[in-house]
Structures are given as C-alpha cells and as structure tokens.
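Structure, as structure tokens:
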Amino acid sequence: MLSISLILSAIALLALSGVPALFASTRSSPANRPAFGAPGAGVQAVLTLLALALGVAGVILAWTGYNPLATWLPTSAAGGQALLADAEARLRLDWFLPWGQFHVAIDPLSAFFLLPAFFLPVLGSLYAIGDRRLAGFSQDSRLLPLFYGLLAAAIALVIIARDGALFLIAWELMALAGYFASLFGRDRERGRRAGWVYLVATHLGTLCLFLMFAIYYRVSGSFTLEAGGPVWAPGLATAVLLLATVGFGCKAGFFPLHVWLPDFYAEAPAHVSALLSGIMSKMGIYGLLRILMLVPVTAAWMGYLFLIIGATSAVWGIAMALGQRDLKRSLAYSSVENLGIIAMALGLATLGRALGRPDFTLIGLSAALFHTWNHGLFKSLLFFAAGAVDRSTGTRDTDQLGGLGKRLPLVMALFMVGAVAIAGLPPFNGFASEWLLYNGLFRTLGSDAAVATHFVALAAVALALVGAIAVACFVKLTAAVFLGEARAPAIAAAARPVRSVSMALAMGFAALACLALGLFPAWLAPVFERVGACWTGVAVTVPGLLRYVPLRWLTLAGAGFLLALLVPVAFIVGRKLVRPPVVAGTWDCGYARPEPRMQYTGTSFGRSIVSLLSFMLRPRLKAPRLKACFPERSSFASTLPDLIHDRLVLPFFQLIGREAPRFRVLQQGRTHLYVLYILIISVVLLVMGRIASK
Amino acid sequence: MPNLVNTILVIVLALNLFALGNSRLMSVIRIVSAQGVLLGLLPLVMHGHITIAALLAAGVGIILKAIIIPSMMLRALRDADIKREVEPLIGFLPSIILGALATGFSLLFVTLPGLADEAAVSLVIPTSFATVLVGFILLTTRYKAISQVVGYLVLENGIFIFGLLLVEALPLVVEMGVLLDLFVGIFVISIIVNHINAAFSSLDTRHLVSLKE
C-alpha cells in the first residue's frame, strides 16, 4: 500500500511537473534570462528528480515486500492494522465509469519497466534546460514541459494499470501527450505532418487493442489484468495474441507497422524523441509481455512469429538507418532495429514457454528486458547528442555536416560512447544484452528440444548481420558528423559551441549508465530471474541465469579491455605532452587543391552496403549519363525512400482519398435530407424488428 | 377509462392529418397547440386517479405547449412576416395521403412485445409512432424554418405519448426536465429563425445549404 502510494504520487508529480512552466515569464530577453534556463525547464528537472526518488523508493518497497509502516506504527492501533493487512502493492477503487475500476498494482514486471520510466524523464528534462536555452524563447515553448510531463506520467500509469479500461485510458493519454509534445520541434510544418501520420497509426493500433480487450472481457468476464484467469480456447487465445501483436507492435514499430516512426522521431524535439524512442515504444514490448503472461502460449508458432518479425524489423531498420541522410531519422530507424532485437528475444522466451524449456524462456526474457533498458539509455544519449548537433548547426543533414569534433569535442565523445554501445560492442551495455541473446539462440540450436532449427538459425544470422551493419551505420554517422571538415562551409561557419552543463550532465549520466550496465550485467541476473518467475507464473526451478550464461566474464573482459586501452591512451597523451602536435588541414587526401566537398559523404560511405541490399531497399539513383567527351554540368541524387511507406501505405491512403469523396453525395447540407435518413433508418429498423420477432 | 383515452388518441391522429394538410402556418401552430392540450389531459384520464404530481405535470405541460410555445412561434411568425408555406416539397394532399399511410403502417405493424396488453394501451403505441412519423414527414417536406419547428413539436408529442406508458415509473423530475428541454429547444429555434430571416432575408431553410462545407 505504501509502495503504490509512493508510485502514484511520483506519477502525479510527473504529470504536474510541467505546470509551473505555464506561469513562467516568456518575456525574458537574452540579457536577463533566468539563471535556470528556459521557462520552467529547471523546475521540471527538479520535479522529475523528486518523482524519480519517490518512484524508486516505491519500486524498492514493492520489490522487497518490506513495509516500514509495520515497524513505525504501533500495531495495536486500528489504522496500523488496516495498513498492515494491506501490505500488497495494489490499489483497487471503484470509479464512475460503467466498466472496469481504478486498479493499479506493481509486480516485478511492472517494477522493471517503471525504473526507466522514472529515470529517462529526469535525463530528458535536464537536457531540456540547455536545449531550450539554445532554442530561444517563444510563447508556446511553455506548453512543451506540460506535455512532456504528461507523457512521462501516462507511461508510468500504463505500466501499473491492472485493468483493461484504465490501461486503455492511460494508453490513449500517452499517445496524445506524445503527439502534442512532438509538435515543438524546429520545423513546425513538417512536425505537424509527421504527427498526423503518427496519430492515424497509433489509433489504428489502439483499435486492435480495443478489439483485443473486448475478446478478453468476453472470455474472462472482467477487465482485470491478473494471471489465473479462465481456461482459454485456442482459437480465442490466438485471436487475442495476434491482435496484441498488431496493436502493441504498432507502438513498438515492428517492421511493416513502423511507417509513422522515422519522421515522427526525427521531427520531435530531441529530449521528446529520447523519451518516445527510449520508453514509449517499449510500452509495446511491455504490453506484449503482459498479454503473454495472461494468455498462455501453448503453440510454438507464436515464438517463431516473433523471431521472424524481430529479424525482419532488425535487418530492415538498420539497413534503412544506414541509408538515411538525416541524423535523427537514422537514429529513428535504428530504433526499429533495436525493437526488432527485443522481439527476437521475446520470440525465444515464448518458444521456451511453448516447448516447456525454462532455460530458453529465462535467457530470452532476460535478453529482451536487458535490451529494453539498454536501448532506452543509449538511444537517449544519441538523441541528446544529435539534438546538440542540431541546435549548434541548425541542420541534421549528415551530408552537409562534418568536422564538428573540433567544435563540440564533448558531444563527440559522448556520441561515440552511445554509438559503440548501440553497435553492440564491448565494454558497453549493448554488447551484454546482444550477447545474452546470441547465447540463447545458440543454446536452442545445440539442444535436443523440438525446435524448428531454420527459424532460429535465421534469427541468429539476422542478428549477426544486424550487428555488422550497425557498426557500419554508426561509424558512418560519427565520421560524417564529427570528423573531416564541414561539407557545407556555411554550416561550419554558423556552428555555435554548446556550453551547457545540464546537457552535458544528461548525456554523461546516460553514458555512465551504459558503461555500468555493460561492465556489471551479472548483478542484474537475480532481477531477471525474479521477473521471469513472475512472467511464467512458476518459480524458476532451473539453476539460474548465471549457470547458462557466464555474465561475470563480461565484467572481467570489460575491465581488462579498459585497462588495455589505457596503454595506447597514455602513449598518445604522453607524446602530445613531449612533442606538441603539428596543426594541419584535417582532410587532404593527396589532392593538390582539396575542397571539403570532395570528402566522402555519409551517403557514399553507406552506399556499398545499401547497394548490396538493394534487392529489398530499392534505393533511387539519379545519375548523369555521360554523352560527350567533355561532360556538361550535371547532378547526381541518391535517395532511400521507405518502400513500405511509399509503395504500400501511401497508395492505400491515396486510394481512400480518391474513393471516399463519393460518399459526399450523402452530405447535401439540407436538414430535410438528414431527417429523412433518420426516418428511413427508423422505419427499416421497425420492419426488421417486426420480422425478427416473428 | 379506456374509451376516453382512445377517443383522445384518435383525435390526436386526426389532428396530425390536419397539420399535414394545412398551408396556413398560423392554423398549423394552433392545431399543434390543441394537440398539446389533449396530450396534457391524457395522463389525468389514463390511470383513472388523479395525483398531485400528475396534476402538476399536466398543468405545466398544457401551459407550455398550449400557451407559451405557440405564442413564441406566433410572435416569430409576425416578426418574419410570413403567413403560409408556399411551396412544400410534396403537395398538401399527397402529404395527407402519406400521413394516412404512415398511420396505417403504425397501426398494422407497431406493437411492443412484452407489454401488458391492456385495452387502454392498445392504441397508445401505434398513435405514438404515427405521430413521430408525421413529425418526420413535416420535417422533411417543409422548407420554412417555422414549419420545421412545428415538425419537431409533433415529433416530441409522439415521444410524449410513448412516455405515457412509463408515466407510473417516471418520476416527476424527469418529466419536468423533458418539458424544460423542449422549451429551451423551441426558445433557441425561435431565436435562430430570426437570425435566418436576417441573414438570408427569407425563412427558407434551403438557403442553409450555403453553409455546407
């Protein structure tokens, strides 16, 4: 009871954290800016920090089951007795709606997702202090903290909701708050367009969830989302699981449902993108886990389905990310990739449940959960760094940027940490979770369980391919943005230094967390085992995660790697001290008169891999054809449009746009006609009722 | 007193047809107000005993439907300076025939299964539906805004008759609320009528098409 009160008050704090910003003065000129950054941003950072403290306290109490009230209150008091009796982390209240009730609870699964849901808003609002100051003040920027806080609160509410109706309300609140928060990006017009696509997509997903909860209600007789429900007929269970896959997959951005995602993440303000990608998209994973927990999986095909979805999303996402010019779009596509990896891990866990192999389940689930945290951290870090680049130069086009390492050395260092982590390289956390997944996949291949080997092998190969392309993608991004020289001289001249302690702190905390999770993954093993026990409904009887996967070795290997790194670093620093380096042009390449435009661009770097994958990506090239001996002035263009968006979704909606106006015949604007429609329908209903009653 | 009830209901049905066949707006309004008086009397005679609540409901209903609303509409009519519905969508005689068909349809088809089949009730539901349908016909075939208001009134009368079946169960507050709704609705429409007149210098609702998106 105490823990749930703490969590609820933390959520209330988050929801209200943007309200003070509404009263902040926007008239401050550059001369008398408030010391605490943009209007209200500082207040929001403090409030979210407070919410984090409350939330973590609540999560710890719920996790350990410890009830301090038992020791503080005299047990003889009646109130104390009542509180003691209700030590469970649960709150049920009847409410005014005809369905459902206000029912929230914290189990290990919720607790696991709650931590990043409270942690990431703190980083984001810290970052926002500096970001808003760089952005300058405007009247409507006061609204951004409000929607940011609401978004964070709605996410946390989704996690603790234990009632279908409450869940859907929180879900919708989250979708709408995300939409409004995303509207405050730099380019308002494009932001609105991207937000519109998102709104359509999210509501189509929510429609599936409505259907799913309707079936759920039909079978279980209530909206209560608790395990131990009735026996599910296989057909209905399949329907519920498929609807959940589509509905939650839309939020997570699985392969064909990702079309709303790239533009939406790219156009939102950086800290909003970080929250959207870092935790809101994970609500799709959370929802899937919750439904899989309630509706038992007995068929193995569900696991294979997730493996295939995950493998496709991962390969598609990272290949598209490699081909993007826009830095934030690239990061957005890499979210598709990472959610795909999580889906693969989820597939492994589901497979384990269907086959009765708790070891597969445990490893798969651990990998999914671990990667959820990890992706939230390094993707936030990368979005923050991308936002800093955006604020500094005013563009996100990697083919125009370059040489920012000299202007923004700290941002570059932190971006590189994020890039190494997201590419799945040691000693950071991305490596740890992907390694966990590799272990699980290979374990199924070596085992004697009745596994359809080709699916699992496909997933393992996809994971390896994704890892390789991810390295290429982030090498490209780092090199194109930070190394060399600016390809567009105007941008190099305009680049402003970013000197913001709060932004550096936000990125630094995220980077530290990435390193810590990468170095000490074994500490999380008991956590994963507890969540696994909660998810499968049976205590884990297998020897435990550490017996399967030697996570402790990662600590040793990582520490060894860092120590080994010290030697060359010390060598370089020492040489610099002894002999100051000669300052020369960054890029020369043996040309007599080099120009920045002659450098490799990000697009040309990624070109080799994109053209290898051109059978599925279909890049569009507009190359000049040489006709004469002395070619004339010509131009070359290469774009990588999203096939699903351009060939599937857009034509479909264009078709609707073309055909739907036919129904306008019905809308003549005459009241008589509308009344006539009512008349006709009531007469038809009367006649039908008459016929039916006979 | 089933006979008295049935007599009143038959008169209501006849008034429907009169309303359909009359071109002078003033007489149509009078017909509908007469219908309102009859309907106000219905709850008193229907259950054979008179309670204070029923008396109150009947009194307020009659005052509202027979005096206040008609006078408001007559006033609007005078302000707008029109006397008759000149060109309805369907002529007056065909409207009467249509109304008669609707009445016949209701008498033949409309019963409510599950109701105690009292003699008093036998005519109530068909009359109610017939009145609703006539209200719809008025709404769809007349162009003047005032005629539309009359159509809504007739429609509401039909719903009121249906509500009589529930009058024992219906608390007085609900009934008063319905009357208040009606009053406010008509009040607003009367204001709108004036605005339509001012904006389009006519009361023909066909001009409202120009408001279409």
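Hey, fewest Cβ within 10 Å first, where do B:E156, A:E226 land in order? If you can, show how the numbers build up before the last one.
Details: B:E156 24, A:E226 15.
Fewest-to-most Cβ neighbours within 10 Å comes out as A:E226, B:E156.
Compute, for the stretch A:432-508, the length of the dipole vector about the Cα centre, with Cβ point charges of +1 (Lys, Arg) and -1 (Asp, Glu) only. Units Debye, rounded to 20. Intermediate results must be reported in sequence, preceding the final value.
Details: 5 positive and 3 negative charges, 79 e Å.
The calculated dipole for the stretch A:432-508 is roughly 380 debye.
For B:134-145, what's the mean count of beta carbons from other chains sitting within 10 Å of each residue's beta carbon?
Working: counts 0, 2, 7, 3, 1, 7, 11, 3, 1, 3, 0, 1.
Average per residue, whole number: 3.
For an R0 of 60 angstrom, estimate the FRET efficiency from the Cβ-Cβ distance between B:L93 and A:A214 and round to the nearest 0.05. Present the calculation step by step, with values, prior to reporting the outcome.
Numbers: r = 52 Å, r/R0 = 0.87.
Computed FRET efficiency for B:L93 and A:A214 comes out at 0.70.
Across peptide A:667-674, what mean number of C-beta atoms from other chains lies inside 10 Å of a residue's C-beta? Provide the component values of the computation, followed by the final result.
Numbers: counts 2, 2, 7, 7, 9, 10, 2, 2.
Whole-number average of other-chain Cβ neighbours for A:667-674 is 5.
Assuming R0 = 45 Å, can you tell me the calculated FRET efficiency for the pair A:I678 and A:F615, based on Cβ-Cβ distance, to the nearest 0.05? Intermediate values should be presented prior to the final figure.
Numbers: r = 56 Å, r/R0 = 1.24.
Efficiency, from the Cβ-Cβ distance: 0.20.
Hey, what did chain A get for relative contact order, percent, Cα under 8 Å, at least 6 apart?
On the way: 1108 pairs, mean separation 82.4, N = 694.
It rounds to 12 percent for chain A.
Check cross-link reach from A:K251 to the lysines: straight Cα distance under 16 Å, and skip same-chain residues fewer than eight apart.
Within the straight-line limit of under 16 Å, A:K251 reaches these lysines: A:K282.
Let me check I've understood the local charge: for A:P594, count other residues with C-beta under 14 angstrom from its C-beta, Lys and Arg +1, Asp and Glu -1. What total comes out? Before the final figure, lay out each step's value.
Details: positive: A:R487, A:R593, A:R597; negative: A:E485, A:D588, A:E595.
Here the count lands on 0.
Which helices pass in chain A if a helix is a full DSSP H run, must span at least 30 angstrom along its long axis by Cα, and must have mean Kyte-Doolittle hydropathy not below -0.5?
What comes out of the filter, once short or polar helices are dropped, is A:41-64, A:108-135, A:188-220, A:301-323, A:327-355, A:358-393, A:453-482, A:552-578, A:671-693.
What is the calculated FRET efficiency for A:S635 to A:A457, with r their C-beta to C-beta distance and R₀ = 41 Å, to the nearest 0.05?
Working: r = 45 Å, r/R0 = 1.09.
After rounding, the FRET efficiency stands at 0.35.
Considering only B:S23, B:S95, B:S201, give the residue with the highest GNM mean-square fluctuation for chain B, with springs between Cα atoms whenever their separation is below 10 Å.
Comparing B:S23, B:S95, B:S201 in a Gaussian network model of chain B, the most mobile one is B:S201.
Springs between alpha-carbon pairs under 10 angstrom, Gaussian network model over chain B: which of B:L93, B:L15, B:L41 fluctuates most?
Residue with maximal mean-square fluctuation among B:L93, B:L15, B:L41: B:L93.
If you place +1 on the Cβ of every Lys and Arg, -1 on the Cβ of every Asp and Glu, and leave all else neutral, what size is the dipole of chain A about its Cα centre, to the nearest 20 Debye?
Numbers: 54 positive and 29 negative charges, 381 e Å.
Dipole about the Cα centre, nearest 20: 1840 debye.
Which residue fluctuates the most in chain B, going by a Gaussian network model with Cα springs under 10 Å, if the choices are B:T127, B:T140, B:T103?
B:T140
For the stretch A:94-129 and the stretch A:572-631, what is the centre-to-centre distance using only Cα atoms, to the nearest Å?
The distance from the Cα centre of the stretch A:94-129 to that of the stretch A:572-631 comes to 46 Å.
What is the local net charge at B:T131, summed over the other residues whose Cβ is closer than 15 Å to its Cβ (Lys, Arg +1; Asp, Glu -1)?
On the way: positive: B:K65; negative: B:E156.
With Lys, Arg at +1 and Asp, Glu at -1, the neighbours total 0.
Tell me, Kirkwood radius of chain A from alpha-carbon pair distances, in Å? Mind showing how you got there, number by number?
Numbers: mean 1/r = 0.0370 Å⁻¹.
Evaluated on chain A, it is 27.1 Å.
Once amide H atoms are placed 1.01 Å from N in the peptide plane, what residues at a sequence separation of 5 or more from A:H103, or on another chain, have their amide H within under 5 Å of its amide H?
When sequence neighbours closer than 5 places are left aside, the close amide H contacts are A:L93, A:R162, A:D163.
Take A:T555, A:T350, A:T444 and order them by how many other Cβ atoms sit within 10 Å, fewest up front. Write out the running numbers ahead of the final one.
On the way: A:T555 17, A:T350 29, A:T444 26.
Placing the least packed residue first, the sequence is A:T555, A:T444, A:T350.
Within the set of other residues whose C-beta is less than 15 Å from the C-beta of A:G310, count the net charge using Lys and Arg as +1 and Asp and Glu as -1. Could the numbers behind the result be given before it?
Values: positive: A:K282; negative: A:E337, A:E434.
Taking every other residue near A:G310 into account, the sum is -1.
If you bin the C-alpha pair distances of the stretch B:2-211 every 5 Å from 0, what whole percents do you get?
1, 7, 16, 19, 19, 15, 11, 7, 3, 1, 0
Which three numbers, in whole Å and largest first, are the semi-axes of the equivalent ellipsoid of the stretch A:300-549 derived from its Cα gyration tensor as √(5λ)?
Values: eigenvalues 280, 71, 28 Å².
Three semi-axes, in Å: 37, 19, 12.
FYI, it's all coordinate maths here, none of it is from the lab. The shown structure was predicted, so the numbers you read here are calculated from the model rather than taken from an experiment. Glycine gets a Cβ as well: all are built from the backbone with ideal geometry, and neighbour counts include every protein chain shown.
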